[in-house]
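Some notes on the structure that comes next.
Readers should treat all values here as calculations from the given coordinates under stated rules, not as data from a laboratory. Since this is a predicted model, take the numbers as computed values, not measurements. Here Cβ is always computed from backbone atoms with ideal geometry, including for glycine, and neighbour counts include all displayed protein chains.
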């Protein structure tokens, strides 16, 4: 079910829930902010109203993310540099988790209430800016009504005014401000319009005395209904909202059926909707692999050729050529990190396309499309949101499970997130698919994401029928933002932030992994060789990999170079490629043999390990790569969110599913290929 009506009755859903609490502490809040003594401004609002977009526009690059002290909830915090009446003031801007009201049903919403109303008065924000959707004004004003019942400075910022006008509704900000008893400004966060008006309103609020709480309009009959005091208070809020909306808005013309409504009849339909979603995702992966391929080839030639040759020449000139230093720098760091960096164009293009889908409003429709599937797993529709995040990175996806109201739901989704195919796996998919399937690489990569979805559903149903048999789920209640033309500035900003985060995270992990792998490959397992002058198969790395390899005999890829890369992949999936590059660069070819490219060496190993059935072995390898433990960072996130016992259970579950699925794929596939 999706909400698309300004009905007070809809607002009552979920308001009479048990109130959750969260500890918070403002004096040691995470992030940089504007420093001690600076005014603190909190951004509040429902999901999909543009709150985070406004936060990014106001703070620019001066933003950090971190868990709020005393909680496990991540909060964005940054510096907002303002100028008003000839003076400049740096403010600390906090982007609080999305909330429809101050009656929390999740840890995220509990933190919002704690910081705004329940915490010590001297630790609350100086001004609270509520971002409201002008196209669904009544729904957005519920939290405003609650805040105005308290002595605090509130500013209402209206977004989606263009959508409201398209629907035949004009908003009179002055009349609305008079009814609400607080300043009301209009802005467009996506196009960075109206920020100056917001600056003036916030400065005026800082300089003005704290307003008195609004009086409650109880009737004599309501005063007698002591047992129903909460319900009476809610009815009074709805009356206040209806009066404010009736006074502050007017119909400018006959409302037109919006483009969003017309398109949603198709993209959210029970049958057509999922097919459209799959077609869109296939197009994304096909475009990504096709367009990025020439750029990847160029970067690969650059690292393999001029950069490696230049490094060897430089080392020889300073007397360090031919030794272990050259092995570490050229065969280790240059080969490993260089291979990873060749995937930067692919990741950038992938992030760009996903940012376009998100900014256009389409990705929110995916939650509606998958709601029925989520409920079959005993999960609410909002459980789709952490799983979607997991296709980018499993770590923030596990943190995003905090939006779920029940502990059992959060544990189940945290166990399912590792089966979502993160972008780190994508780099390996593309290398293997391009090597073995050529122009069909995009389709193969898309198929891996379909397999990922099937694994989430299959494992979810298995757990649902065993450990989670008694868990139920509420129907999906979700705001669908209108379709919009993506803005170049916002899309570029989101793409760059994600690409930078990927490179920063991967580079640190990869450098450490490359050094460790090189050291293990240079350390002889016996006294027959010296450090740095040992064949890889006789090194500690090679011997350990060969000891693990027999376990993978039924999967068709029982070659120590392959299994060793999977072991390194426990650290990070990006390290699989760097491990391959290091292994084949260090490994000495047989006398007179052509060492070939990395792809040729991988093909040769799969031919050998599969007894002439390389394609089913490759698919089995990709399935195993998809299903087994994503990375140590994911394990750390799971331990923090669901504890050590469930984390260990998850590792065992992932390895079992990965091995069984890989064996099934190869054993069945070899009958046909």
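Numerical summary
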| read-out | value |
| --- | --- |
| Relative exposure of 359, 118, judged by other C-beta atoms within 10 Å (fewest first) | 118, 359 |
| Computed lengthening from residue 488 to residue 360, 0.36 nm per intervening residue step minus Cα-Cα distance | 44.9 nm |
| Rough spin-label spacing in nm, given labels placed 7 Å along Cα→Cβ, for residue 600 and residue 640 | 4.6 nm |
| Euclidean distance between Cα centres, the stretch 148-165 to the stretch 105-134, Å | 15 Å |
| Computed E for residue 200/residue 162 - FRET, C-beta separation, R0 22 angstrom, nearest 0.05 | 0.50 |
| Spin-label model distance (nm) - residue 170 vs residue 320, 7 Å beyond Cα toward Cβ | 7.3 nm |
| Pairwise FRET efficiency - residue 262 versus residue 655, Cβ, R0 = 60 Å, nearest 0.05 | 0.80 |
| Packing-based ranking, highest mean first, of 452-461, 664-673 given that Cβ atoms within 10 Å are counted | 452-461, 664-673 |
| Cα gyration tensor, the stretch 91-137 - rounded (a/c under 1.5), prolate or oblate | oblate |
| The stretch 294-316 and the stretch 598-673: distance between their alpha carbon centers, rounded to Å | 31 Å |
| Ordering of 171-178, 349-356, 432-439, 264-271 by packing [mean C-beta count within 10 Å, highest first] | 349-356, 432-439, 171-178, 264-271 |
| Ranked 143, 603, criterion: other C-beta atoms within 10 Å, fewest first | 603, 143 |
| Extension gain from residue 547 to residue 118, taking 0.36 nm per residue of separation minus the Cα-Cα distance | 148.6 nm |
| Residue 307-residue 151 pseudo-label distance in nm [points 7 Å out on the Cα-to-Cβ vector] | 6.2 nm |
| For the stretch 426-465 versus the stretch 535-568, the gap between their alpha-carbon centres in whole angstrom | 23 Å |
| Relative exposure of 516, 169, judged by other C-beta atoms within 10 Å (fewest first) | 516, 169 |
| Difference of contour (0.36 nm per residue) and Cα-Cα distance, residue 83 to residue 193 | 38.0 nm |
